[in-house]
Every structure is written in structure tokens, then in C-alpha cells.
Amino acid sequence: MGARPSGPARSKSTNSASRRTRNRGQPTTESSRLRTRRSATDHEALPAQQVQALATRSPGRDPVSVRPHQRQVWQLTRRQRSTRRPRRIVDQIVMKGGATMTTAAQQSILSSLRQLIPARKCTFDEVLRVTEMQAGKLVTAIRERDPRMEGIQIHHLAELPRMRIAYEALPVSGMSHWNGREWVITICASDSPARQRFTALHEYAHIVSHGATERLFTGTKHLDAQTQAERVADYFAACALMPRRDLKRAWVSGLQSIEVLADHFGVSQAAITVRLDQTGIARERDPEPAVNRSRCARPVRTPRNRPQEFEIRTRRRCV
Ligand SMILES: [Zn+2]
């Protein structure tokens with residue numbers, strides 16, 4: 001039941017498009033190797049029974065690492081895109097509501113968020129500041145292209161290039177991985193719409209920080225790197241769904257009930273409570289966990305001939 005981005009309609013770049021088609025028909029040595037690797041790593045969104053979840057954390061594993069050949073595929077793909085897809089590509093995708101988004105513009109969203117990450121190791125406070133900037137940039141980018149949107153919805157993410165949203169019966173709320181061709185965000189089908197939306201943004205945050213986790217999440221004596229990554233992903237989702245300015249505006253206008261605010265922003269009451277505390281607007285009682293299980297599972301190194309494996313951490317408080 002996953003939503004795929006609409007297929008881009010060909011337009012002015014017919015020549016470059018046909019060149020790309022010819023290149024695909026007669027692959028170079030490099031693209032031939034790429035194709036071989038892709039065929040070996042194509043893992044579609046996994047049915048729940050195929051998810052090889054690891055019940056406990058294995059020390060020393062990189063929580064967001066993927067197999068070396070997967071990372072290589074990503075690098076090759078990125079290099080190919082930068083050399084073969086000129087910026088003037090104006091393929092248009094019609095979004096819900098009639099707004100249009102160019103593929104070039106969509107591609108720039110993920111890369112522009114990643115460009116905000118400093119090229120050095122960061123303190124956790126710095127990471128939080130960068131994360132809020134990234135979330136604000138994502139909101140602005142989507143709002144510019146879909147002015148009638150009222151908060152980021154899952155379909156906005158599904159319409160991004162190389163991005164697919166799938167729904168499965170999962171032991172966690174969500175997971176995400178690169179399957180060699182696109183990012184797949186898998187969401188627990190039985191969760192409430194509000195939680196699914198928060199989870200989608202949480203997983204998107206993992207995708208944004210992919211490749212930079214070692215300098216972003218260095219861990220401290222009290223907070224290991226993986227916990228930092230999860231908290232930052234939650235923070236990204238909260239900032240994207242409840243922008244500080246919008247929340248203050250709603251509070252000042254008189255929406256000061258947790259229940260009303262949660263309904264207004266389309267999030268859980270636990271999420272709005274935490275966000276009110278984060279922004280300093282109101283100090284509310286620390287909420288009880290809304291769901292008694294982990295927010296997400298992270299992909300781990302998996303032998304090439306097996307379905308992608310994910311790691312499930314022990315439960316922590318989630319909103
Ligand atoms: Zn997570």
C-alpha cells in the first residue's frame with residue numbers, strides 16, 4: 001500500500017533524457033557494475049514476517065550503517081546524478097491540490113537539508129539547533145510548492161524523488177533503509193494517523209543525517225550515540241510538525257489546551273506536551289508514553305543474500 005512518487009512527465013530536456021536512455025541501454029563499465037550491485041541489493045519494503053529484527057542491541061554496531069556495497073551504490077548514484085542530470089531539468093510532478101514541483105527542486109530539498117550539517121564534529125546542542133533549521137527549511141520548501149498545505153503530510157514525503165512510503169504490520173512504529181534504488185520508509189499500518197505522520201518525519205530525519213552520523217552523534221557519558229540519533233529524529237519531527245513560531249502563535253491566540261493543540265497540529269497529546277516544554281511555552285507534566293514500544297528499528301549490516309535486517313532497541317519513552 002506504499003505510495004510512489006508520480007512518474008515525472010518528460011518535457012524540455014528531451015535530448016538529455018534520450019541520452020540517459022541510450023546510456024541505460026548501453027551501459028558503461030561503471031554503470032554495468034552498478035547494475036550488478038543493484039540487482040544484488042534490491043530489497044523492497046519487507047513484509048513483517050521477513051523483517052529479521054534483532055531483539056537486543058549489539059555493541060559496536062553503527063546504528064545507521066548499511067552494507068559497504070550499498071553505500072557504494074549510493075555514492076555511485078549520487079555521482080552519476082551530478083554529472084548526468086543537469087540542473088535545468090524541469091520535469092514537473094503534479095502534487096495534490098494542483099501545485100507542481102520540479103524534480104530538480106525536489107532533489108534539492110534533501111541535499112539542501114544535508115548542506116546545513118557542519119563538516120566537523122558537533123556538540124549535541126549544535127546538532128539540535130541544526131535540526132530545527134533543517135525542519136524549518138523542509139516546511140518552507142514544501143509550503144512554497146504546496147501553499148495550501150496545513151502541516152506536512154505523509155504524501156508530501158512520498159512525492160519526493162527516490163522516496164517510497166510503505167505500510168506493514170511492524171513490531172515498531174517505523175523503519176527506513178536504502179534499497180539500492182530509493183529510500184523506503186516503512187510505517188506500522190496499525191498506528192494512528194497522528195503517530196504515522198510523526199514516525200514518517202522521524203524516519204526522514206534519519207535519512208537526512210545518513211552519512212553524517214559519526215560527526216553528528218558522538219555520544220556522551222550519559223547519552224550514547226544511538227540514543228542521541230533517536231532523540232534528534234524525534235526533535236526533527238516535532239519541529240517540522242509543530243514549528244516554534246506556529247505553536248507560539250496558536251498559544252497566544254488562546255489555544256492553550258493540550259487536547260485542542262494536539263488536534264490543531266494533528267499530533268498526539270504526548271507530542272504536543274513535549275514540544276511545549278521544548279519551546280519553553282509551557283511546562284507541562286511529563287507525559288506517559290503514548291505507545292508501549294520503540295519508535296523505530298534501524299538497518300544493520302546484513303549479508304547480501306538475506307533480507308535487510310533491522311535492529312530494535314529496548315523500549316524507551318516515545319511520543
Ligand atoms: Zn529512529
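What follows draws every value from the coordinates through simple rules; no lab data is involved. What you are looking at is a predicted structure, and each value in this text was computed from that prediction instead of being measured. Cβ coordinates were reconstructed from backbone atoms using ideal geometry, including for glycine residues, and neighbour counts include every protein chain displayed.
Cβ under 13 Å from residue 131's Cβ, residue 131 left aside: what net charge do those residues give with Lys, Arg +1 and Asp, Glu -1?
Counting the neighbours of residue 131, the net charge comes to 0.
Out of every Cα-Cα pair in segment 174-240, what percent are more than 14 Å apart?
Result for the distance tail: 60 percent.
Classify segment 107-229: rounded, prolate or oblate, from the alpha-carbon gyration tensor (a ≥ b ≥ c, eigenvalue square roots; a/c under 1.5 rounded; otherwise prolate if a/b is larger than b/c)?
Verdict is oblate for segment 107-229.
Which log10 I(q)/I(0) values does segment 152-295 give at q = 0.08, 0.13, 0.14, 0.15 Å⁻¹ under the Debye formula, counting every alpha carbon as one identical point scatterer?
-0.23, -0.61, -0.71, -0.81
Using 0.36 nm times the number of residues separating residue 112 and residue 155, minus their current alpha carbon distance, what extension gain do you get?
Going from the current span to full extension adds 13.5 nm.
So if we plug the beta-carbon distance of residue 182 and residue 282 into 1/(1 + (r/R0)^6) with R0 = 51 Å, what FRET efficiency do we get, rounded to 0.05?
Efficiency for this residue pair is about 0.80.
Compute for segment 237-287: radius of gyration divided by Kirkwood radius, i.e. Rg/Rh, restricted to C-alpha atoms, rounded to two decimals.
Over the Cα atoms of segment 237-287, Rg/Rh equals 0.89.
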